[in-house]
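The values are calculated or read from the model by the stated rules, or taken from the named source; none is laboratory data. Note that the structure is a prediction, hence the values are computed from the model and not measured. Please note: Cβ atoms are built from the backbone with ideal geometry, for glycine as well, and neighbour counts cover all protein chains shown.
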Amino acid sequence: MQRLTTAFATIFLLGSVCLTASADEKPPAWAIKAFNEKVGTRYEVARKLEPFFYVGDFNGDTKSDVALFIKEKSTGKLGIAIVEDTMKKFKILGAGKSFGNGGDDFSWVDAWSIRHSGKVDRLYVAKSEAASGVIYWEASEYKWQQEAD
């Protein structure tokens with residue numbers, strides 16, 4: 001009976017993980033509203049990657065932030081917008097603005113994920129079997145740490 005219960009719990013957890021990464025999932029409404037109001041004329045959400053957003057605490061203030069994969073409308077350059085909590089503060093990384101070794105166009109990115117590491121969540125961006133980096137908050141700004149070339 002114990003094995004059956006453990007097997008059921010494992011299957012349930014795996015199913016739950018799959019559901020949380022579902023393409024049907026939507027970013028928080030407050031983040032999309034703030035994005036559209038503040039930068040929607042210049043940028044749009046890009047659905048190049050699945051998921052196309054992550055929710056985490058990217059700046060260490062204990063409030064939820066949202067990272068969206070975005071496209072600059074005029075150039076087509078890709079990047080990441082971080083909507084910081086409900087204060088509606090934004091940071092654009094790439095998408096026409098140079099950021100670390102990622103440059104001003106993240107079109108090279110074909111995978112990304114969130115890494116929960118202590119107090120602050122980090123974003124991992126990568127080109128499969130090639131370059132990768134970690135985007136993290138330090139002091140009062142986002143920084144880039146190269147992981148592979």
Next on the checklist: I need the strands (runs of 3 or more DSSP E) fully contained in the range 31-149, keeping only those with at least 3 residues that are more than 14 Å from the chain's Cα centre (by Cα).
Outcome noted: 141-148
Checklist entry - Checking Gly56 against (1) touching a residue at least 40 places away in the same chain (Cβ under 8 Å); (2) within 16 Å of Gly133 (Cα to Cα), which single condition isn't satisfied? => result (2)
Checklist entry - Right, Ile92: of a type in the set (Val, Ile, Thr) and in contact with a Leu (Cβ under 9 Å, 6 or more places away or on another chain) or not? => result no
Checklist entry - Got at least one residue in the range 100-123 being farther than 18 Å from Lys48 by Cα and acidic (Asp, Glu)? => result yes
Item to check | Residue among Asn36, Asn101 that is modelled with pLDDT under 95, surrounded by fewer than 17 Cβ atoms within 10 Å (Cβ to Cβ), of a type in the set (S, T, N, Q) and over 19 Å from Glu25 (Cα atoms) | outcome: Asn101
Checklist outcome for this item: Note on the range 48-91: residues surrounded by fewer than 19 Cβ atoms within 10 Å (Cβ to Cβ) and touching a strand residue (DSSP E or B) at 6+ places or on another chain (Cβ under 7 Å) are Lys48, Leu49, Phe52, Val55, Gly56, Asp57, Gly60, Ser64, Lys73, Asp85, Phe90
Checklist entry - Out of curiosity, is Tyr124 hydroxyl-bearing (Ser, Thr, Tyr), closer than 19 Å to Ala31 by Cα and in contact (Cβ under 8 Å) with a residue 12 or more places away in the chain? => result no
Item to check | In the range 117-134, the residues that are over 13 Å from Ala67 (Cβ atoms) and not aliphatic (A, V, I, L, M) | outcome: Ser117, Gly118, Lys119, Lys127, Ser128, Glu129, Ser132, Gly133
Next on the checklist: Show the residue pairs meeting these rules: Cβ distance below 9 Å; 6+ apart or different chains; first residue within the range 104-121 and in contact (Cβ under 8 Å) with a residue 12 or more places away in the chain; second residue assigned to a loop (DSSP other than H, G, I, E, B) and β-branched (Val, Ile, Thr).
Outcome noted: Asp104/Thr75; Asp105/Thr75; Lys119/Thr62
